[in-house]
Structure formats: C-alpha cells, structure tokens
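FYI, it's all coordinate maths here, none of it is from the lab. Note that this is a predicted model, so its numbers are computed, not measured. So basically every Cβ, Gly included, is an ideal-geometry build from the backbone, and we count neighbours across all protein chains shown.
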Amino acid sequence: MGAIYIMWLRQIKKYLRSKSRIVGSLAQPILFLVALGFGFGPIFQKAGGGNYIDFLAPGIIAMSVLFTAMFNGIEVIWDRQFGFLKETLVAPVSRYSVMLGRTLGGATVASIQGVVVFLISLLIGFRPVNWALVPLAFVFMFLIAILFTALGTAIASKLEDMQGFQLIMSFLIMPTFFLSGALFPIDSLPGPLSIITKLNPLSYGVDGIRGILTGVSHLGLFVDLIVLIFSSLIITISGSYLFSKIEA
C-alpha cells in the first residue's frame with residue numbers, strides 16, 4: 001500500500017507543479033465548448049435536438065478526461081529515459097503496486113481535469129438537471145480515467161520513444177473520441193457505425209455522464225456502469241502484466 005500511495009502522490013504533485021500543463025490541457029475543451037456549442041447550437045436546435053450546450057458539455061468533459069488519462073502514459077517513457085524508472089523497478093516493491101499507484105495517480109489527475117471542465121461548462125450556460133446526482137457523474141469520470149490511464153501506461157510499457165507513443169495515441173484517441181457520441185447522438189447511426197460506437201468503451205462513459213447530468217441516456221446508466229467497471233478491470237489487469245515485464 002505504501003508504494004501505491006507514493007506513486008499516487010507523485011503523480012498528483014507533478015500535475016500541480018506544472019501550471020503550463022494545466023492551462024494547456026484546458027485550451028482544447030474550452031475551444032470545443034465555445035466554438036461548437038455556440039456555432040452548431042442553432043442548427044442542432046432547429047433539427048429538434050434541443051440545447052446543444054446541454055448535449056455537448058458531458059461529451060467534452062469525457063474528452064478532457066480521455067486526453068489527460070491517455071497521455072499520462074508518456075511519463076513511463078520519460079522516466080525510462082531519465083533513469084527514474086530503473087530506480088523504481090529495483091526498489092523492493094511489487095511492480096504491480098507501482099503500476100496501480102501510477103494508474104490511480106493518473107486517473108486522479110484526469111478526474112480533476114474533468115471537474116475543472118465541468119465548472120467551465122457551468123460558466124457558459126450548462127446546468128445539470130439534478131445537482132444531487134453530480135457526484136455520481138464524478139464516479140463515471142474516475143472510471144473513464146482509470147480505464148484510459150491504464151491503457152496509456154500499458155502501451156507505453158512496450159515503447160521506448162516518445163514520438164512513437166504520441167503517434168499511437170493520436171491514432172487511438174481521435175477515433176475513440178469521435179465515435180463515442182460526444183459530439184452527436186448515436187441512436188440514429190448507420191449499422192456499422194452503431195456497432196463500432198457500442199464496442200467503444202468511451203461511449204458508455206459519455207452516455208453515463210450525459211444521463212446523470214441531463215437525464216438523457218441512450219444505453220442505460222446501469223449498462224454504462226457495468227461496462228466501464230468491467231473494462232477498467234480488464235485493462236488494468238492487462239496493463240499491470242505488461243508493466244511487470246518492462247525493462248528499464
């Protein structure tokens with residue numbers, strides 16, 4: 001437990017010390033909220049979709065968690081290049097504990113990012129239908145963060161250069177985001193796209209957050225929760241195994 005806590009605390013401290021990272025990671029969600037929210041809002045409303053800001057905000061919150069969580073894995077490559085990873089791996093602690101601590105730390109950072117974006121969305125006009133359920137939305141954010149932090153760390157465990165990691169992340173993140181229902185409804189997609197969105201774990205995170213904050217869920221909150229918990233466990237276990245085989 002001590003190793004898990006130390007790695008968790010290290011991730012939090014690194015995030016809080018990097019003010020430029022905090023500000024930079026907020027630029028894209030704010031751009032999406034403002035540009036898309038107000039730009040496509042009238043079109044969405046004329047099409048009978050209602051208030052686009054209310055629809056969009058949960059998706060952008062999930063996006064900010066996704067991006068922060070996935071790119072957290074690059075720290076594994078960074079630590080390997082600068083020798084910190086070797087010091088960690090030779091310590092008399094389980095590598096599984098190190099992986100779990102990294103995952104929890106990265107997930108906490110990504111969740112904080114999601115909460116900040118949620119607060120920003122309130123400033124531009126978004127309002128939850130039931131404030132009492134907002135803490136449950138934070139639970140969904142944390143599950144998304146656990147899932148994709150573990151995935152990013154697992155991928156980084158098999159790579160040695162940052163450029164390769166960034167290319168793979170970009171290849172994975174954009175389809176995952178755009179095919180999650182974050183920007184458009186998924187209930188009327190063509191057959192093949194509908195299948196892909198339902199195989200995408202982020203779809204259940206977006207749907208869960210949207211269902212809690214707006215009262216509109218296409219997949220069902222219980223299904224969203226079960227899929228996210230199951231996916232998080234599978235990816236975390238797989239990532240722990242890959243991390244245990246890493247060579248510094």
Quiz item: How do the peptides 221-227, 104-110 rank, highest first, by the average count of neighbouring beta carbon atoms within 10 Å per residue?
Solution: 104-110, 221-227
Practice problem: Find the centroid of the Cα atoms in region 203-238 and in region 114-173, then give the distance between the two in whole Å. | Solution: 13
